[in-house]
Amino acid sequence: MAIDGLRIRFFTSVVFVLIMLAGIMAGKYTFIVLFGLILGFCLWEFLAAGVEGHDPSQWWLRRFGLVFGLVPYLAATAFQLGWMDIQQLEILALLLLPTLFLVFLIELFQNGPHPFRYIGTVFTGL
């Protein structure tokens, strides 16, 4: 049984490496989109394990964490491609800080069963 699990993991990793190599060979924009999708799926699963796995009423927190978890990736990508300069990146960071504080406010005033676990999960995802 353990060998079958090892084989599945091996073949999955080979497929993943081939997909990443194909993304790199296809060009930088293809790689950016591919890596963004992989990042989004991984973040979605991480937030599902940390938030919704414990309390299904927290559906909004998972979506918030996904959107704001992708913002640093998108901002860094835009900066590296020359679509944003450092001043625009700093303004974006300053605009996002108060928005992230909303997670604290909403979660603490909802009187949920585990507010600090959920807040920690969202910020760890970021």
request  = Among what's in region 79-98 and is in a helix (DSSP H, G or I) and in contact with a helix residue (DSSP H, G or I) (Cβ under 7 Å, 6 or more places away or on another chain), pick the residue that is modelled with the highest pLDDT.
outcome  = 79
query = Yes or no: residue 51 open to solvent by less than 90 Å² (accessible area, probe 1.4 Å), over 30 Å from residue 27 (Cβ atoms), touching a helix residue (DSSP H, G or I) at 6+ places or on another chain (Cβ under 7 Å) and outside any loop (DSSP other than H, G, I, E, B)?
reply = yes
inquiry  = Among the listed residues 40, 5, 36, 23, identify the single one that is assigned to a helix (DSSP H, G or I), under 21 Å from residue 118 (Cβ atoms), open to solvent by less than 40 Å² (accessible area, probe 1.4 Å) and not β-branched (Val, Ile, Thr).
reply    = 40
task = Output yes when any residue across region 74-81 is surrounded by fewer than 12 Cβ atoms within 10 Å (Cβ to Cβ), free of Cβ contacts under 8 Å to residues at least 40 places away in the same chain and closer than 23 Å to residue 125 by Cα, and no when none is.
result = yes
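The values are calculated or read from the model by the stated rules, or taken from the named source; none is laboratory data. In this text the structure is predicted, and so the values were computed from the model without any measurement. Ideal geometry is used to build each Cβ from the backbone, glycine not excepted, and the neighbour counts take in all protein chains shown. Note: accessible area is taken over every heavy atom of the protein model, side chains too, but ligands, DNA and RNA are not part of it. Shrake-Rupley method; radii C 1.70, N 1.55, O 1.52, S 1.80 Å.
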